[in-house]
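Engineer: Please see the structure below; I have some questions.
The values are calculated or read from the model by the stated rules, or taken from the named source; none is laboratory data. Since this is a predicted model, take the numbers as computed values, not measurements. FYI the Cβ positions are ideal-geometry reconstructions off the backbone, even for glycines, and counts take in every protein chain you see. Note: accessible area is taken over every heavy atom of the protein model, side chains too, but ligands, DNA and RNA are not part of it. Shrake-Rupley method; radii C 1.70, N 1.55, O 1.52, S 1.80 Å.
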Amino acid sequence: MRAERDIALCAVADAGIRSKVMNAMIQKRIPYAEEWHKVPLLRRRKYEGAKEVCIIVTHHDQADQAKAQIQAMDDVVSSRVYFDLKGLTGLS
């Protein structure tokens, strides 16, 4: 369950990428949590065909720092992290 000041930051479809993102956030002491959401059939192409994606949730005050940390990672990782969460179940 998400706290009132937490926001959905991004989605990750690949377990290896997810673990690299989580490790980067731990190293920078950025608080986070995970939520799993089903991907609607027509949106799966965007998320590498995944049926579910991991939504990374962080505190509102840490969101800019977390986003900058993810975008600073190498292109192999940052290109597979999705900040546009439109169309996922329960998110806008």
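Engineer: Place a point 7 Å from Cα of ALA50 in the direction of its Cβ. Which residues in region 12-29 have their backbone N less than 13 Å from it?
Structural biologist: 12-22
Engineer: Separate question: Strictly over 18 Å apart at the Cα level, which of LYS46/LYS86; LYS20/LYS67; LYS20/LYS86 would you flag in this model?
Structural biologist: Listed pairs above 18 Å: LYS20/LYS86.
Engineer: Might you report the magnitude of the Cβ-based charge dipole of region 25-92 about its Cα centre, with Lys and Arg at +1 and Asp and Glu at -1, to the nearest 20 debye? Mind dumping the intermediate values first?
Structural biologist: Details: 11 positive and 9 negative charges, 63 e Å.
That gives region 25-92 a dipole magnitude of about 300 debye.
Engineer: While we're on this one: Pick out, in residue order, every one of the chymotrypsin sites (Phe, Trp or Tyr not before Pro) in region 3-92 that is DSSP loop and has at most 15 other C-beta atoms within 10 Å; say none if there are none. Before the final figure, lay out each step's value.
Structural biologist: Working: sites: TYR32, TRP36, TYR47, TYR82, PHE83; in loops: TYR47, PHE83.
For chymotrypsin sites (Phe, Trp or Tyr not before Pro) across region 3-92 that sit outside H, G, I, E and B with at most 15 neighbouring Cβ atoms in 10 Å, the list reads PHE83.
Engineer: Can you list which of the GluC sites (Glu not before Pro) found in the chain are DSSP loop residues with at most 12 other C-beta atoms within 10 Å?
Structural biologist: Taking the chain and a limit of 12 other Cβ atoms within 10 Å, the loop GluC sites (Glu not before Pro) found are GLU4.
Engineer: Just how far, in whole angstrom, is region 36-79 from region 1-30 if you go by their alpha carbon centroids?
Structural biologist: If we compute the Cα centre of each part, the gap is 8 Å.
Engineer: A further question follows. Would you pull out the residues with amide H under 5 Å of LYS46's amide H, same chain only if 5 or more places away, H placed 1.01 Å from N?
Structural biologist: none
Engineer: Given (1) 12.3, 34; (2) 12.4, 36; (3) 13.4, 45, which label gives Rg and Dmax of the Cα atoms in Å as computed from the coordinates?
Structural biologist: Working out Rg and Dmax of the Cα atoms in Å from the coordinates points to (2).
Engineer: Note down the relative contact order for the chain as a percent, whole number, built from C-alpha pairs under 8 angstrom at least six residues apart.
Structural biologist: That works out to 42 percent.
Engineer: Right, here's the next one. With a 1.4 Å probe and every protein chain left in place, tell me how much accessible area ASP14 has, in Å² to the nearest 10.
Structural biologist: Surface accessible to solvent at ASP14 totals approximately 50 Å².
Engineer: For the charge dipole of the chain, defined by +1 on Lys and Arg C-beta atoms and -1 on Asp and Glu C-beta atoms about the Cα centroid, which residue among ALA50, GLN71, LEU9 has the Cα displaced farthest towards the positive pole?
Structural biologist: Of ALA50, GLN71, LEU9, it is ALA50.
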